[in-house]
Amino acid sequence: MRNKRAGTAVAALLAADGLAHLYWATGATWPAADDRALSLAVLGIETSFGPRTVLPLAAVLLTAATAVLAHTRGRGGRATRAVTAAVAAGLTVRGLAGLGWAAGLLPSPPDSPFRLLNLALYTPLCLTAGWAAARLARTARLARTTGSTDTTGTAVRA
C-alpha cells in the first residue's frame, strides 16, 4: 500500500509539472507577471518559455508520470521500471543541484525568487520524490491486488 501511495504521489508531481508546462506553452506566465519573471523564478536564469521549449518537457513529464503510475500498479514490466529509475535519477540530480544552489556553489541571481523557491519548494520536493521513485524502481514487480511487498521489496500477492 505504501508503494502505491508513493508512486501515485510521484506520478502526480510529474503530471502537475507537465500540465504547468502545457499551460506555459499557451503563452501564459502565471504565477509570474511576464516571461522574464517566470524564467527567473523557475530556473534562476533568463530563458525562453515558448512552446518549442516547454512542449517537449511537458511530453517527457507526462510520459514519465504515466510510466511511474503504471509501474506502481504492476504494469509495464521492465520498461516502466526503467523509466521509474530514470525519474529517480533525474529528481535526485536536480535535488542535489538545488543543494549546490542553496550553498552558493552554483550561480543564481540573489535577488530572484528562484533562491527562496529552490530552498523551500524545488529542492525538498525533488529529493523526496527522487528517494520515493528510487524505492519504487528497486521493486521489480509491484503487487496489483494488495500493493504490499516483503522486506526485500518483492511483491507479495494476496
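The values are calculated or read from the model by the stated rules, or taken from the named source; none is laboratory data. Just so you know, these numbers come straight off a predicted model, no measurement behind them. Glycine gets a Cβ as well: all are built from the backbone with ideal geometry, and neighbour counts include every protein chain shown. The area values use the complete protein model at the heavy-atom level, side chains included, leaving out ligands, DNA and RNA. Shrake-Rupley method; radii C 1.70, N 1.55, O 1.52, S 1.80 Å.
The residues of the stretch 46-55 that are surrounded by fewer than 15 Cβ atoms within 10 Å (Cβ to Cβ) and hydrophobic (A, V, I, L, M, F, W, C) amount to a single one, Leu55. Applying the selection to the stretch 24-45, what residues are within 25 Å of Arg115 (Cβ to Cβ), open to solvent by 70 Å² or more (accessible area, probe 1.4 Å) and part of a loop (DSSP other than H, G, I, E, B)? Once the filter is applied, which keeps residues that are within 25 Å of Arg115 (Cβ to Cβ), open to solvent by 70 Å² or more (accessible area, probe 1.4 Å) and part of a loop (DSSP other than H, G, I, E, B), the stretch 24-45 yields Trp30, Pro31, Ala33, Asp34, Leu43, Ile45. Between Ala85, Ala67, Ala58, Ala97, the distinction of being in contact (Cβ under 8 Å) with a residue 12 or more places away in the chain, open to solvent by 20 Å² or more (accessible area, probe 1.4 Å) and among the small types (Gly, Ala, Ser) belongs to Ala85 only.
Within the stretch 13-23, is even one residue assigned to a helix (DSSP H, G or I) and of a type in the set (D, E, K, R)?
Step one: filter the stretch 13-23 for residues assigned to a helix (DSSP H, G or I), giving 13-23.
So of that shortlist, the ones also of a type in the set (D, E, K, R) come out as 17.
Looking for residues that are assigned to a helix (DSSP H, G or I) and of a type in the set (D, E, K, R), one finds at least one in the stretch 13-23, hence yes.
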